[in-house]
Amino acid sequence: MISTEKEADRRTPVSVLTGFLGAGKTTLLNQLLKEPYFNDTAVIINELGSIGVDHHLVDVIDEHTVLLSAGCICCSVQGELVDTLKNLFMRAINKEIKPFKRVIIETTGLAEPSPVLYSLRNDGFLEERYRFDGTLTVVDAQLDLDAISQRPEAAQQIALADVIVLSKTDLVSEVQQAQIAKQLVRMNASAIQMRSHDIAGIARLIGQLNPAQGGNPAQKTMKWLTGQAKPVNPTTGRSLLKPSHRSLSEQHPGISTFVIEFDEPLSPIRFFTCIEAIQIYYGKQVLRFKGLVQFEGKQNLQIIQGVHGQLYPVGTLERQIDSDIYSCLVFIVDQVDHQDIEEDIRNILFNQAIRSA
Ligand SMILES: Nc1nc2c(ncn2[C@@H]2O[C@H](COP(=O)(O)OP(=O)(O)OP(=O)(O)O)[C@@H](O)[C@H]2O)c(=O)[nH]1
């Protein structure tokens, strides 16, 4: 019965890939896009910073990859998302791009996924052509879930998940994995739990969740959408279904993002000394930083990734990018003055001094 209904629905499925800052969304997306099944996938990447980095980190960049930058789909760029979905459809119809069979939207780490659902259901053009397929939420297995769930965005992403993908399981013990899995069940009992290394298993789920046809366990999401449950943010009491059109700082109090650009190659020793000092000095106030950095003596840009105080192994961007940027670092911080941190970074990098505490 369900499969007949599924066959009847020819609309393009739209899956939302979400998860808190640095959880591993882009890493998972890259792995999924390597699967032949995902060849005909349109990807929409939403980034907070005014200079996007993530789209450079996605390995398969083609005409189907669209960047929505400088805002969060749950705040300022919701209209842009609607236009992007319309444009993709029209460009495929007009044979400007190859037809695509599914869409994956990678949200920012601060996004509440529900406004995406709102957009799909409240725009006649989109509703006829696209169907919401479900939300995959990536959760970093290293994180202290009690602490992270204090952030309303993170709690929301987990609560709305149809599939929870536990990432970085290689960095924690089996016991810790079992503990976090139990905690996640308490936060969302209906979501399917997967491990991020099970790419084939995750791939099989995408496009098949289809909450509207009851084929998926995340009834909660659909109840929220259809008004059978009260769709409010448990922390703020704010409706989850209305688009907010608020700025980043209004929507996510205390959190802000900024970009530091460098117009000369950096000394790697100074750079890593600087990052360590900044992490010690600002601690958990630096939620996330990432960037592309040109080091002295290196031909390719290096990929820098930091998540909640942890610097990840540096990667190399194998291809050249068409950009005016020499090196840039995007920071997402909580209650930090941008000028202070930028001054500290430039001081350590170029003058070897830091403000006293
Ligand atoms: N060891 C390990 N590292 C991982 C895993 N998944 C992601 N990472 C690393 O975690 C860092 C952040 O990963 P991303 O995929 O960029 O995270 P994200 O959720 O896309 O980040 P934002 O878009 O900034 O919120 C990178 O350095 C990844 O290499 C994993 O399963 N194991």
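The packing ranking, built from the mean of other Cβ atoms within 10 Å per residue, places the peptides 21-31, 270-280 in the order 21-31, 270-280, highest first.
Couplings 3J(HN,Hα) for region 303-309, derived from phi with the Karplus relation 6.51 cos²θ - 1.76 cosθ + 1.60 (θ = phi - 60°), are 9, 9, 9, x, 10, 6, x Hz, where x marks Gly and Pro. Multiplying the residue separation of D337 and D263 by 0.36 nm and subtracting their alpha-carbon distance yields 24.4 nm. Each principal axis of the Cα cloud of region 254-351 was taken in turn, and the coordinate range along them, longest first, works out to 36, 25, 24 Å. Distances between placed amide hydrogens fall under 5 Å for R131 paired with T12, V14, all partners being 5 or more residues away or on another chain. In this structure the amide hydrogen of R195, modeled in the peptide plane, comes within under 5 Å of the amide hydrogens of L166, none closer than 5 places in sequence on its chain.
Proximity of backbone amide H atoms, modeled 1.01 Å from N, is registered between I105 and S15, V16, L17, I44 at under 5 Å, excluding neighbours fewer than 5 places apart on the same chain.
Computed about the Cα centre, the dipole magnitude for region 102-170 is approximately 180 debye when only Lys and Arg (+1) and Asp and Glu (-1) carry charge, each at its Cβ. Exposure proxy ranking for E342, E153, based on other Cβ atoms within 10 angstrom of each Cβ and starting from the fewest, stands as E342, E153. Think of each Lys and Arg Cβ as +1 and each Asp and Glu Cβ as -1; about the Cα centre, that makes the dipole of region 254-351 roughly 400 debye.
No lab work stands behind these numbers, since they all come straight from the coordinates. These numbers were taken from a predicted model, which means no experiment stands behind them. Cβ coordinates were reconstructed from backbone atoms using ideal geometry, including for glycine residues, and neighbour counts include every protein chain displayed.
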